[in-house]
Amino acid sequence: IMPAKEIVEDVKKRSCHWVLKIGNLKKSMEFFESVLGMKVLRHEEFLEGCEATCNGPYGGAWSKTMIGYGPEEFNFALELTYNYGIESYEFGNDLLYICLQGITDVKLKAESLGYKYTEEQEGGVVTVHGPDNYNYRIIPEIVGRKEKFVSVGLRTGNIKQSSEYWIDLHGMKKFEAQAGTINNLYPMINIAFNQQDVSLQFIEVQDGASIDHAKSSGRICFACTDVQPMYQAVLKSKDIVQNTPITLPTPGKADVTVTILVDRDGYEICFVEYLGFYELATPTYD
């Protein structure tokens, strides 16, 4: 499929969070709070599945817990999706790591709770193997960077294909990767809408394996002024639209308008209009 030629312009966009499906909320929170030093930003409970498949292809009760280091309007976060009654998920090979910087004493903290880690010989890089088979790549502090999250590492089947979709179609840009975020063994691109954003690192892992999203697959979320340009661009390019623009209610909180798209490697992308989202995302620190 040929990419759309025009780049989506004049729609302010930034990366907001990555969604993780988890099997044990209490265990996950212990890890994120005690090992990575995050805190709960907000928590929401739902009696039935989300119209925009926020909790995956499940129709039952579920919860959403947003965790991170500061308010979502200015900071990246993780969305922990817990489907009641589902204690584990089949894990694929799509999400390679979530990279953070400047987390102190991470080896000691991981050991104290029984989590394994691997340490690279140079550069002070430690990869902690957390709950639900997710990996967290911890690099030394980046001078001048406030955001603790740095990048999300994703397997791609084809760098050129990823570039066409994310750069040519959605207007993302290439930036030089921060030292330590990658091991330089395979071809990759480091892309974001803005240099200070948490970037996506698409890595063409040459091990002969196809991308497997399995049941644990998450999604990236971007806030923007208007979801229609991204939706229309994907319609024109004949790529996949999982959910047309839809307004989702959250009881007692703001409604948000989202569209869910799917890239050429099968990764889900949520674009959410930021006015409603930032009102919804007001932290409660509960």
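In the context of the full set of protein chains, residues of the chain present 46 Å² of accessible surface per residue (probe radius 1.4 Å, heavy atoms only).
Using a probe radius of 1.4 angstrom, the carbon and sulfur fraction of the accessible surface of the chain is 50%. For the stretch 163-206, the relative contact order works out to 34 percent when only alpha carbon pairs closer than 8 Å and six or more residues apart are counted. Taking a ≥ b ≥ c as the square roots of the Cα gyration tensor eigenvalues, with a/c under 1.5 meaning rounded and otherwise prolate when a/b beats b/c, else oblate, which class fits the stretch 228-280? Since a/c reaches 1.5 and a/b is larger than b/c, the shape of the stretch 228-280 is classed as prolate. Rounded to the nearest 20, the Cβ-based charge dipole of the chain about its Cα centre (Lys and Arg +1, Asp and Glu -1) stands at 200 debye. Spatial offset of the stretch 70-136 relative to the stretch 151-197 amounts to 20 Å, using the alpha carbon center of each.
Remark on the stretch 195-285: hydrodynamic radius 15.0 angstrom, per the Kirkwood mean of 1/r across alpha carbon pairs. What does the C-alpha gyration tensor say about the overall shape of the stretch 144-260? Classify as rounded when a/c is under 1.5, otherwise prolate if a/b is larger than b/c, or oblate. Taking the square roots of the gyration eigenvalues as a ≥ b ≥ c, the stretch 144-260 is prolate. Entry note, the chain: the mean residue ellipticity at 222 nm calculated from DSSP H runs of n ≥ 4, each adding -39500 (n - 2.57), is -3500 deg cm²/dmol after division by the residues and rounding to the nearest 500.
Projecting the Cα atoms of T250, I142, A192 onto the charge dipole of the chain, computed from C-beta unit charges around the Cα centre, puts I142 farthest toward the positive end.
Does the stretch 1-153 come out rounded, prolate or oblate, given a ≥ b ≥ c as the square roots of the eigenvalues of its C-alpha gyration tensor, rounded meaning a/c under 1.5 and, failing that, prolate meaning a/b above b/c? Oblate, because a/c is 1.5 or more while a/b does not exceed b/c. For the stretch 88-147, the set of trypsin sites (Lys or Arg not before Pro) satisfying both a DSSP loop assignment and a count of at most 14 other C-beta atoms within 10 Å is given as K116, R145, K146.
If the Kirkwood radius is taken over C-alpha pairs of the chain, then at 20 °C and 1.002 mPa s the Stokes-Einstein diffusion coefficient equals 111 µm²/s.
I want the local charge near G37. Using Cβ-Cβ distances under 10 Å, sum +1 for each Lys or Arg and -1 for each Asp or Glu among the other residues.
Values: positive: K39, K109, K148; negative: E33, D105.
Spelling it out: positives minus negatives among the neighbours equals +1.
Taking chymotrypsin sites (Phe, Trp or Tyr not before Pro) across the stretch 257-286, the ones in a DSSP loop with at most 14 further Cβ atoms lying within 10 angstrom of their Cβ are Y285.
The values are calculated or read from the model by the stated rules, or taken from the named source; none is laboratory data. For clarity, every value in this text was computed on a predicted model and none was experimentally measured. Positions of Cβ are generated from backbone atoms using ideal geometry, with glycine treated the same way; all protein chains shown enter the neighbour counts. We work out accessible area using only protein heavy atoms, side chains counted, and drop any ligands, DNA or RNA first. Shrake-Rupley method; radii C 1.70, N 1.55, O 1.52, S 1.80 Å.
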